[in-house]
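Student: Below is the structure I would like to discuss, written out as C-alpha cells.
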C-alpha cells in the first residue's frame, strides 16, 4: 500500500505542472456469481470495496472526447465467525491494482467551445458537464483466503490459500463535470463494470473441501467522485482570469 501511494504521489508531481490530472475514489458493490454456492450459500465472499485512482488527461482536438489513462488500487476483506469442525472459509481478502482508460464523451457539447476547464465553458452545468463514460482496463487481483482446517492438522487450525490473477475489465457509466474554479473540477459519476474470467478459490486438493474453482465474472456497481486539476491552463493564461 505504501509503495503504491509513493508511485501515485510521484506521478502527481511529474504531471502536475504539465497537464490536467485527477484523483478519484469510488465505492464498489461486488458480485461474483456462483462463489457463495461453493461455501453452502451462506458466505458473502464478494465484499464491498473502495477503489482509488490517479489519472492523466488527453482529448481530441476538434471534438469533445476525452481520454483519462488511470492507475487504480482497491482492497476488500470479509471475515466469518461461524466456522465449524471441517474445512471452512474463515477470511477472504482481495487486493486489486490496475491500469486502464476512461473515455468521456460529451453528447451535449460534442463540438466543444474551447480547450478550457469546465468552469470557463459556455452553457449550463448539464450541457457543458454531462458525459458518458466507457471504461476499459487490465486488473491484477491478489486473492488470499484463510481456512479453518482442523482435519489437516494445521498450526492453530488455520491454513492459507493465495492466488494472483489478471482480468480484463470493461464498464459503462455517466458523469457530470462541476466546475469549481478554473483550477478545480469536481466530477460525481456512476458506472457498471465487469471483470471477465476471475476464478474463485481452488480448494479441491484439501480433504472435505468445497468444490473446485469456477471461472466467473466479477460485476461491480461503482459510485464515485473525481477531483480534476488543471494547472496547465492557469499557467498558460498567466493566472486566474476575472469573470
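Student: Using a 7 Å offset from the Cα along the Cα-to-Cβ direction at both residue 33 and residue 183, what is the distance between the two label points in nm, to one decimal?
Tutor: Spacing of the two 7 Å Cα→Cβ label points: 4.8 nm.
Student: Assuming R0 = 35 Å, what is the FRET efficiency of residue 105 and residue 163, from their Cβ-Cβ distance, to the nearest 0.05? Could the numbers behind the result be given before it?
Tutor: Values: r = 36 Å, r/R0 = 1.04.
After rounding, the FRET efficiency stands at 0.45.
Student: Could you please rank 177, 109, placing first whichever residue has the fewest other Cβ atoms within 10 Å of its Cβ? Mind dumping the intermediate values first?
Tutor: Values: 177 25, 109 19.
Neighbour counts put them in this order, fewest first: 109, 177.
Student: Still on this structure, I have one more. What order do you get for 61, 128, 146, 77 when you list them from fewest to most C-beta neighbours inside 10 Å? Please report the intermediate quantities before stating the final value.
Tutor: Numbers: 61 6, 128 22, 146 17, 77 13.
By the 10 Å Cβ count, ascending: 61, 77, 146, 128.
Student: Next question, about the same structure. What's the FRET efficiency of residue 50 with residue 78 using the Cβ-Cβ distance as r and R₀ = 22 Å, to the nearest 0.05?
Tutor: The calculated FRET efficiency here is 0.95.
Student: Also, quick follow-up: Of 192, 52, how do they rank once you tally other Cβ atoms within 10 Å and put the fewest first?
Tutor: The fewest-first ordering by Cβ neighbours comes to 192, 52.
Read the figures in this text as sums done on the coordinates, not as results from a lab. Fair warning: this is a prediction, and the values are worked out from it, not measured in the lab. Note that we place each Cβ from the backbone using ideal geometry, even for glycine, and neighbour counts take in every protein chain shown.
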